[in-house]
Structure formats: structure tokens, C-alpha cells
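The structure under discussion appears below in the form of C-alpha cells.
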Amino acid sequence: MSYPIRRVGESLITLFLVSVVVFAGVRALPGDTATALAGEEPTPEAIAQIRASYGLDDNLVVQYVRYVRHAATGDLGVSSRTGLPVLDSVLEALPVTLELSALALLLAVVVGVGAGVVAAVRRGKPEEWLVNAVALLGLSVPAFWLGIVLVLAFAIALPVFAASGFVPFGVDPMENLRHMVLPVIVLGSGLAAVVMRQTRAAMLGSLSADYVRTARAKGLSSRQVIMGHALRNSLVTVVTVLGLQLGHLISGAVVTEQIFVLPGFGKLTIDAVFSRDYAMVQGVVLFTSAAYILVNLLVDLAYSVIDPRIRLGGAQ
């Protein structure tokens, strides 16, 4: 069996297990779902009607099969807080979180890879010490503290950027960037530090490899050796780290969106948890998990493009 087919199969099995955990986890929360949906001072008749309409009287296996069947067709249920379909709420919040995550990832790659290359090439020099110090700072500073400091400095003391809210890029690109700069820095700084350290470690290994010495012996310039040989072979490690750090990016988005009041997945999840909106919690977690599994699958399949030594089609 070829590697891509096997990885797709493993991803589907993982998604199935995630759906089981999400389904069981929501039903393991304290309290009765029907009572929570019925509101304050519910009557027994109202609770019984809710249990019948949501199929809560059925056994868990029947409920799970119905849940999977509906989810496969895009029906994630109806929010008990807003009365809107969960999928509509998820799709409404998705562009905000996608933009935040994509820009944070871009920041992490540009800054992290660039700084990692500089630290490796200038090993033992002041440039490496400075990069390592900044990376350590990025790993140590809590996101909520950094967000508060940036708001105080660049939204209140110097009102250059917005402290909260969101403006769609299609409505006003400049206002969109003005609202997104601070959240992107908060979310991307920690990831940039991780990428920097991994890039530096991978580059140090590549620069001491035989193929790099051979390239230098052939008379290639330092730029060609670093960018065309050492960095290219170091990117496998970097891409792996980015795929694994996606979970950190998603969890960090929850905190970041709360700090800057962005109407994305994070705020949607927090509001759903506090209002005991089980359908919304279930839908958001399942959607996020599926996205995480998909990205990691794409990362695995991208290895053959980055490193020609890897032949996914013949991997066992």
C-alpha cells in the first residue's frame, strides 16, 4: 500500500476516534442536557419535549450514529444560544480565525526561518546571541501579558493600531490590517521562536554535512550553498514543526481572540462553553479537529516536494 493512501486511511481513523471522543466528552459534562436547553425553571413537560425532539431518550449508540450521519451531510445541529445552525455560525467565524492564523503563520515563517538561518550562519557571533535571546523571550512571555502590553503601548499610548474589534478585509483593507497587526504579533511571536530554534538546529546539521562541503568545493557562492542546499534540506524539519504547532496556534487563537475581541473560533467556543451550548461546542471542536488532521496530512504529503530523497509513493 502506497504511503499517501495509508496516510489518508490513518487520518480517517483518527477523525473517527475524534468524533467518538467529542461525542462522549460533551455528554460527560455535568448536568442534564435537556435541563440546560430548557432554560431557567423548566417544567417536566418542557424537559420531556426537548428530550424527545433531540432524541436524548435513545441509547448512546443510536445518538452517535445519528450524529455522524448528520455531520457527514454538514448538519452540526442548532445552537441553543442563538437558535442558528451551528455550521452557519462556524462558517461566519471561520474567516476571522483563518486570517489571524494565516498571518501569524506567515510572521512565524518569515521571522523564524530568517532568524534561524542567521543564527546558524553566524554561530558564535553577536548575531546568534541576539537571536537566541529574542527567541527565549518569545517563548517565555505569556500571550495574554504581551497582548495587554501591546494594547497599552500601541493602541492607547500611541494610537497607531486598534485595540479590539474586526473589520473584514473586503470592506476596508487598511482598517482590517490595523485591527489585525497586534493580534498577529501576539499569536505569531511564540511560534516564530519555536521555528527559529528548530531552523537553527537543522541548519547547523546541514552546514556540517558532506553535500554542503562538496558544494563549497565546487566553487558555489555562500548564498547558493546556504539557500540552495542547506536551507532546502532543513525545511523538512521546519515543516514538521509547523504541522505539529498547529494545535498551539488554534489554542493560542482562543486567548488572542478573547484579548482583542475578535469574532472568531476562540470567542465562539468560549461563549458556547459558558452558555452550555453543547451543539456549538461539539461542532466547533469537531470542525477544528478535522482541520488539524487535514493540515497534518498535507504536511506529510508535502515532504516529497521539499526533499527529493523522500519517495512517498514507495514508502512503507
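The values are calculated or read from the model by the stated rules, or taken from the named source; none is laboratory data. Everything quoted here is computed from the prediction, not taken from an experiment. Using ideal geometry, Cβ is built from the backbone for each residue, glycine included, and neighbour counts are taken over all protein chains shown. Only protein heavy atoms, including side chains, enter the accessible area calculation; ligands, DNA and RNA are left aside. Shrake-Rupley method; radii C 1.70, N 1.55, O 1.52, S 1.80 Å.
Below is a table of values for the structure above.
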item: Given (1) open to solvent by 70 Å² or more (accessible area, probe 1.4 Å); (2) farther than 30 Å from ASN176 by Cα, index of the condition ASP58 fails; result: (1)
item: Verdict on SER289 being at pLDDT 80 or above and of a type in the set (Ser, Thr, Tyr); result: yes
item: Those helices (runs of 4 or more DSSP H) lying entirely in region 158-272 with at least 1 residues open to solvent by 60 Å² or more (accessible area, probe 1.4 Å), closer than 14 Å to SER101 by Cβ and in contact (Cβ under 8 Å) with a residue 40 or more places away in the chain; result: 173-207, 246-260
item: Boolean, ASP271 is in contact with a Lys or Arg (Cβ under 9 Å, 6 or more places away or on another chain) and modelled with pLDDT under 80; result: no
item: Residues of region 95-106 that turn out to be surrounded by 18 or more Cβ atoms within 10 Å (Cβ to Cβ) and either touching a Pro at 6+ places or on another chain (Cβ under 7 Å) or not charged (D, E, K, R) (or both), as a count; result: 7
item: Given (1) assigned to a helix (DSSP H, G or I); (2) more than 30 Å from ARG178 (Cα to Cα); (3) touching a residue at least 40 places away in the same chain (Cβ under 8 Å), index of the condition ARG81 fails; result: (1)
item: Of residues in region 174-213 being among the hydroxyl-bearing types (Ser, Thr, Tyr) and in contact with a helix residue (DSSP H, G or I) (Cβ under 9 Å, 6 or more places away or on another chain), the one nearest to LEU235 (Cα to Cα); result: THR199
